[in-house]
1. Counting C-alpha atoms alone, how compact is chain A: give Rg to one decimal and Dmax as a whole number, in angstrom.
2. Report the gain in length on full extension from residue A:224 to residue A:45: 0.36 nm times residue separation, minus Cα-Cα distance, nm rounded to one decimal.
3. Could you list B:46, A:150, A:45 so that the one with the fewest beta carbons within 10 Å of its beta carbon is first and the one with the most is last?
4. Can you give me the convex hull volume of the Cα atoms of chain B, divided per residue and expressed in Å³?
5. Can you sort A:152, A:101 from fewest to most other Cβ atoms within 10 Å of each residue's own Cβ?
6. For chain B, modelled as a Gaussian network with Cα springs under 10 Å, which listed residue fluctuates most, B:12, B:182, B:71?
7. So if we plug the beta-carbon distance of residue B:69 and residue A:7 into 1/(1 + (r/R0)^6) with R0 = 22 Å, what FRET efficiency do we get, rounded to 0.05?
8. Using a simple spin-label model with points 7 Å from Cα along the Cα→Cβ vector, what separation in nm is obtained for residue A:203 and residue A:105?
């Protein structure tokens with residue numbers, strides 16, 4: 001049944017987001033075309049406009065994936081459609097997992113589209129060489145390959161956004177346990193849960209810093225930290241956010257299993 | 001074993017008590033009217049049975065088991081509102097029901113929709129509210145369920161449509177199944193009922209066989225209801 005739920009949830013989010021995928025790709029192609037025409041001020045200006053539109057579409061992909069996931073979660077599980085969703089012969093856990101997985105997959109797809117569009121718009125051997133030259137010293141110091149460093153960085157951003165998304169779900173679940181002002185309470189609780197998760201990450205980081213002198217520099221000095229600290233920070237961020245994601249997931253499932261009160 | 005059993009169901013919203021000590025047993029093969037004025041707790045009780053609300057106290061048992069996946073397989077529920085994704089076509093909704101309900105008869109649904117001369121390639125958003133409600137009724141009655149729960153199926157529709165709805169219910173519910181119909185339009189529904197439950201201020205004040213009640217009170221259910229709920 002989870003597969004069937006995923007099919008419908010995925011379709012539901014994607015049918016809105018796909019418009020932004022197409023628009024971002026369209027402007028990426030235009031950006032490349034107009035920037036490739038040399039010695040033309042007009043073409044350059046149009047290229048700049050297309051570049052701006054492409055970047056705003058890229059932000060829209062991420063923002064709308066989050067918004068669409070939250071709106072879908074609310075409509076399906078607490079709105080009119082909940083009368084169908086909660087009477088389907090599936091467990092509440094399956095309903096929640098489907099929402100989270102479909103949102104994560106869409107988010108992942110969004111990141112892939114953004115990276116692909118950046119390649120479409122800007123790829124050239126010289127630019128790749130330039131980026132390589134910029135990243136290589138950092139990657140070598142960290143004993144990473146360039147592609148692994150980029151992948152790790154994207155992964156950290158991905159888990160951070162996933163955390164925001166799941167905190168939003170928690171906010172909606174908690175907000176709808178209230179009798180009145182459900183939307184207001186949903187936003188408030190979502191914000192509180194997000195701030196709590198960030199505070200927890202800060203606390204974990206500080207705890208590590210107590211036992212790691214160079215890491216403590218993050219808290220006590222405003223100077224540039226060493227690359228070694230950056231390596232630890234990247235791994236720390238990844239592990240901490242994964243930990244928070246799992247914790248919030250179990251809290252949400254527990255809350256959800258307690259039952260809902262739809263309007 | 002009883003098809004449905006509600007034991008000491010209580011429901012409060014804040015300090016306001018909506019249901020108080022509801023005890024109810026629904027046998028198989030009966031059409032039961034859940035009757036009461038607006039705002040007396042009928043829909044709240046139905047929502048608790050369908051896992052849409054969490055009871056403050058008590059428990060609901062379907063075939064002796066708590067509400068869950070198994071109970072949802074055998075309960076076919078028609079809510080008082082339009083609840084389908086309006087961006088879907090009727091064909092897609094039929095596909096959705098086929099995907100999730102093993103006991104859904106897609107052919108029967110298509111036959112009933114054809115009787116309504118309804119274009120199944122049409123999106124729900126392009127249909128009138130009345131037509132959407134008919135689609136929902138058809139979908140709900142096309143399941144071979146053991147218990148049909150219909151919340152205000154006659155609310156806000158013209159007399160001709162009421163007749164269509166009642167005929168659809170009568171001619172399509174699964175043999176041996178029970179039907180709970182919540183309404184305050186008693187005269188329209190009286191002829192099809194086997195049992196009635198009167199609910200007032202969150203309490204069941206009467207649960208009786210219809211024929212016995214009529215004989216005892218020498219009046220129709222509608223008249224008895226009017227007498228009991230006179231303002």
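Derivation of every value follows stated rules applied to the coordinates shown; laboratory data play no part. Computed from a predicted structure; not experimentally measured. Cβ atoms come from the backbone with ideal geometry, glycine included; neighbour counts cover every protein chain shown.
1. 21.7, 66
2. 60.7 nm
3. Taking fewest neighbouring Cβ atoms as first place, the list is A:45, A:150, B:46.
4. Measuring per residue, one finds 130 Å³ for the Cα hull of chain B.
5. Values: A:152 18, A:101 15.
Ordered by Cβ neighbours within 10 Å, fewest first: A:101, A:152.
6. In this elastic network of chain B, the residue with the biggest mean-square fluctuation among B:12, B:182, B:71 is B:12.
7. That gives a FRET efficiency of 0.75.
8. Going by the 7 Å Cα→Cβ label model, 3.5 nm.
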